1. Look at TYR197 and say whether it is over 22 Å from VAL103 (Cβ atoms), aromatic (Phe, Trp, Tyr) and touching a Ser or Thr at 6+ places or on another chain (Cβ under 8 Å).
2. Any residue at all in region 72-79 that is modelled with pLDDT of 55 or more, under 17 Å from GLN126 (Cβ atoms) and out of contact with any Pro (no Cβ under 9 Å at 6 or more places or on another chain)?
3. Tally up the residues in region 127-162 that are part of a loop (DSSP other than H, G, I, E, B), open to solvent by less than 20 Å² (accessible area, probe 1.4 Å) and among the β-branched types (Val, Ile, Thr), please.
4. Could you give me the residue pairs with C-beta distances under 6 Å whose first residue belongs to region 98-115 and is over 14 Å from ARG299 (Cβ atoms), whose second residue is among the charged types (D, E, K, R) and open to solvent by less than 10 Å² (accessible area, probe 1.4 Å) wherever it lies, and which are 6+ apart or on separate chains?
5. Quick one: in region 58-112, of everything that is acidic (Asp, Glu) and touching a His at 6+ places or on another chain (Cβ under 9 Å), which residue is most open to solvent (accessible area, probe 1.4 Å)?
6. What about VAL124, is it more than 16 Å from PHE44 (Cα to Cα), part of a helix (DSSP H, G or I), at pLDDT 95 or above and of a type in the set (A, V, I, L, M)?
7. Taking the conditions exactly as written (more than 18 Å from LEU246 (Cα to Cα), touching a Pro at 6+ places or on another chain (Cβ under 7 Å) and at pLDDT 95 or above), does ARG193 satisfy them or not?
8. Among the residues of region 234-265, how many are at positive phi and touching a His at 6+ places or on another chain (Cβ under 6 Å)?
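The values are calculated or read from the model by the stated rules, or taken from the named source; none is laboratory data. Everything numeric here is computed off the predicted structure, so don't read it as measured data. Positions of Cβ are backbone-derived with ideal geometry, glycine not excepted, and every protein chain shown enters the neighbour counts. These accessible areas exclude ligands, DNA and RNA; they are computed on the full protein's heavy atoms, side chains included. Shrake-Rupley method; radii C 1.70, N 1.55, O 1.52, S 1.80 Å.
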Amino acid sequence: MNTIEMKKNRWMKVLALSFIIFHLSFSDVVAQERCHYEAADSIFIEQLLKERVYSSYWVPGEDVLIIARKFLGRPYVAHTLELFPDDERLVLNTRELDCTTFVDVVVALTLCSRRGETTFRDFVHQLHMQRYWNGVCDGYPSRIHYFSDWMRDNSRLGFVTEIQQTTKPFTAIQTVRINYMTKHPQSYVSLKRHPEYIPIIAAQEKDLTGHQYRYIPTSQLVDSPELRKTVKDGDIIAITSLTPGLDIAHLGIAVWHDDGLHMIDASSKHMKVVEESITMYQYLKNRKNADGIRIVRLR
């Protein structure tokens, strides 16, 4: 190969690499532009990530609690993701939270901080990966709507692990039977306005239905050495639902107190993010629509 051909090949490689870098950067920019947020959200996220990354140390579990407690007192607001029923976007709202968005944001912040990432773009990318099938926001059905699917997909991606044991306190099995969204399309603005989405959601429900998961029933949530050994600070608590067609009734972050297991959650009862003053056993023993908890741990 002569000198001219060698230079030509070298430049072709440089151009190809430049195109790949540009394409990846452009994809990130497009993803960020398709993200709906306010300046207060991006400022808060970058400040928190830099604070966590530049701290002297972090301990798994404790870092989740530190981040979760940054949201204490923020108002509970439902349906914040439903702002664009005709043009699905990644809605990012750290100022108003429900139980799902609270957990989703805390997980994304924690995983970014563990990787040493400090930019808003890093966070947006992580949230895309968690919230959408294959990390791609492409219409309402591309969002992961059922939390069992969220657990499955985020486990596949290596972000979390669902704790499953055949011994105490995991003494019950949940057989998931999902159809709530397609049975109640009028409760979802996107399904009401776009009935063509219903068969797609129905296929997702069918794929999830029949899966079985071990969980900790309410009776096993009384403080015990087995429970303390199994559930760790910072774990995700997914409360199992008894409502027909649903899998999970509520979400929170596990935190141990002297009297037992508690959770930090965006509470519709208190209308804000709180660290519950009562134990999980007390919280669940009188609830008619729930009967225990599944446990998910960040990797």
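1. yes
2. No, because not a single residue in region 72-79 is modelled with pLDDT of 55 or more, under 17 Å from GLN126 (Cβ atoms) and out of contact with any Pro (no Cβ under 9 Å at 6 or more places or on another chain).
3. 1
4. CYS99/ASP265
5. ASP86
6. no
7. Working: more than 18 Å from LEU246 (Cα to Cα): yes; touching a Pro at 6+ places or on another chain (Cβ under 7 Å): yes; at pLDDT 95 or above: yes.
Here the answer is yes, as ARG193 does meet what is asked.
8. Final tally of qualifying residues: 0.
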